[in-house]
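Read the structure below first, then the notes.
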Amino acid sequence: MKDLVIHFYTDYGVVEAIDQLNLVVNRGEVVGLIGESGCGKTTTARAILGVVPSPPGKILEGEILFQGQDLLKMERRKFNSLIRGKAITLIPQDPFNSFNPLFTVGTQIMDIVKWKVLSSHPDQGNRSENRKAIGSENVMKKLKQMQIPFPERQLGKYPHEFSGGQRQRIMIAMALLSNPSLIIADEPTTALDVTIEAQILQLLRQLVKAFEVSILYITHDLGVASQICDRVVIMYAGQVMEIAPIASFFAKPLHPYTKKLLDSLPNPKGTITDIPGEVPSLIKPPPGCRFCTRCEFAEPKCWQERPVIEEIFPDHWVRCFHPIIGSPVLLAEGNLINGRN
């Protein structure tokens, strides 16, 4: 994603939701998109999938390049048939509401198969038995990879007969049916307990290693990011503030906002520090750095000029006129990350 700008036109004014966003996800890489609620994470995912609601939303500038093609310029029919739901798929946030409770899981999976998989085998012609065999074999394979026990017995069950962890595993299997190149995981473990969350994260890492699939992992949980991500992108009020490899991010945060995020995590001393102030309105936000309203280092220049994002250390980028070196946050020495050892 290059210099992406997205606005929403509302009765109250123009919401400048995404401000010159730049983001790269490499093959076989897990990139964490991290930020507070309302910072633009889901809007970014919607832009990739081509489902920014219009109106009121509009992509004004930028490019979304996928395997050499600009998705924003691609003909809609081609985009819908080749990209959305096939080459790029989504794991939704809530496994409880993502299924239709009136139909069996098998019926809903096969509906996905008909669209994603069988349409990719035109050589089968009208031989529906062959097409169904291809689909059923693929479903069984993916469910086994997701460690669903006796998958052939599960397809006749309704969603309420599965636990939250099992439903999320089935959701991941459905996202993998078309062998995608990129999976967008929109906080897929939010509704799960810590034990099941750890299992899902481990499964996702295994998928990346086995299939070289790329994952854009959207979360506000730094603890989850530390377990699954190779790199993190920190967003605040629609702007990217910092991009860093996961180890460098926790060892030496450079942006004041990132430093305050890490300081706000629970620690062995039992103290929690909040970030004073409020997120600025995205209707007529500050023309410069959007964190300047809460930054102790802000000066007049920060309010008026948008800082460019610069590489300070290898692969470690920051958008700030006054980058700082934060205190190391060690993950292996018993420090608590969102209550986890």
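The values are calculated or read from the model by the stated rules, or taken from the named source; none is laboratory data. Keep in mind the model is a prediction, meaning the values are calculated, not measured. Cβ sites come from the backbone with ideal geometry, for glycine too, and all protein chains shown count toward neighbours.
The figures follow:
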item	result
Of residues in the stretch 188-206 being within 22 Å of residue 23 (Cβ to Cβ) and in contact (Cβ under 8 Å) with a residue 60 or more places away in the chain, the one surrounded by the fewest Cβ atoms within 10 Å (Cβ to Cβ)	190
Scope the stretch 74-86; condition assigned to a loop (DSSP other than H, G, I, E, B) and either surrounded by fewer than 16 Cβ atoms within 10 Å (Cβ to Cβ) or of a type in the set (S, T, N, Q) (or both); matching residues	75
Residue 66 over 18 Å from the mean Cα position of the chain (by Cα) and of a type in the set (Phe, Trp, Tyr)	no
Identity of the residue in the stretch 314-341, modelled with pLDDT of 90 or more and either outside any loop (DSSP other than H, G, I, E, B) or aliphatic (A, V, I, L, M) (or both), that ends up nearest to residue 3 (Cα to Cα)	319
Criterion violated by residue 267 - all others in (1) part of a loop (DSSP other than H, G, I, E, B); (2) out of contact with any Gly (no Cβ under 9 Å at 6 or more places or on another chain); (3) of a type outside the set (Asp, Glu); (4) without any contact (Cβ under 8 Å) to a residue 40 or more places away in the chain satisfied	(4)
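Residues are listed down the side, and each one gets a yes or a no for (1) buried (at least 18 other Cβ atoms within 10 Å of the Cβ); (2) in a loop (DSSP other than H, G, I, E, B); (3) of a type in the set (Lys, Arg); (4) in contact (Cβ under 8 Å) with a residue 40 or more places away in the chain:
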site: 240; (1), (2), (3), (4): yes, no, no, yes
site: 247; (1), (2), (3), (4): no, no, no, no
site: 262; (1), (2), (3), (4): yes, no, no, yes
site: 280; (1), (2), (3), (4): no, yes, no, yes
site: 287; (1), (2), (3), (4): no, yes, no, no
site: 290; (1), (2), (3), (4): yes, yes, yes, yes
